[in-house]
Amino acid sequence: MILIDGDACPVKDEIYRVARRYDVPVKLVTNSFIRVPPEPLIERVLVDSGFDAADNWIAEHASADTIVITADILLADRCIKAGSAVLGPNGRPFDAHSIGAAVATRALMADLRAMDEVRGGPPPFSKTDRSRFLSALDTAVVKLKRR
């Protein structure tokens, strides 16, 4: 199963396409109405608007049988600990070896932004990111199917 942290995910259509190809169920988790294709494989999970409600739902349902798509580093960390494969929307895989550095970098950047030393956010999403994501998701789904 693929779990999507859906509110700001720029690759939903790509996920749906890969899910159809491999017949893998998808749950788009969100705290607001987002349209999903009316297909049996694709389900919208609407959670309440409480702080981290979508993240908490995803973390509770993450397991070795799931692929989680999120840009949220702290959610990625929780899902890795649950055994999930985790991908960022730019195709960057998070794993037990890389997540520590990602969490530390996130904390450092938050501190720098709080001191007004750094402004702005991540670079704009690109065609290369989309292509990298498709390749990484395809690899993750094939790996999951082999289990």
If you take the beta carbon distance between GLU39 and LYS145 as r and set R0 to 25 Å, what does 1/(1 + (r/R0)^6) give as a FRET efficiency, to the nearest 0.05? 0.85
Calculated FRET efficiency, LEU134 and LEU74, Cβ-Cβ r, R0 30 Å, to nearest 0.05? 0.75
Computed from every Cα-Cα pair in the chain, P(r) in 5 Å bins starting at 0 and rounded to whole percents is 2, 10, 19, 21, 22, 15, 7, 3, 1, 0
At what distance in nm do the modelled label points of ASP116 and ASP7 sit from each other, each positioned 7 Å from its Cα along Cα→Cβ? 2.7
Enter the angle in degrees (range 0 to 90, nearest 10) between the Cα long axis of helix 12-22 and the first principal axis of the Cα atoms of the chain, meaning the one along which they spread out most. 40
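Every number here is computed from the coordinates shown, using simple stated rules; none is lab data. Because the structure is predicted, anything quoted here is derived from the model rather than measured. Ideal geometry is used to build each Cβ from the backbone, glycine not excepted, and the neighbour counts take in all protein chains shown.
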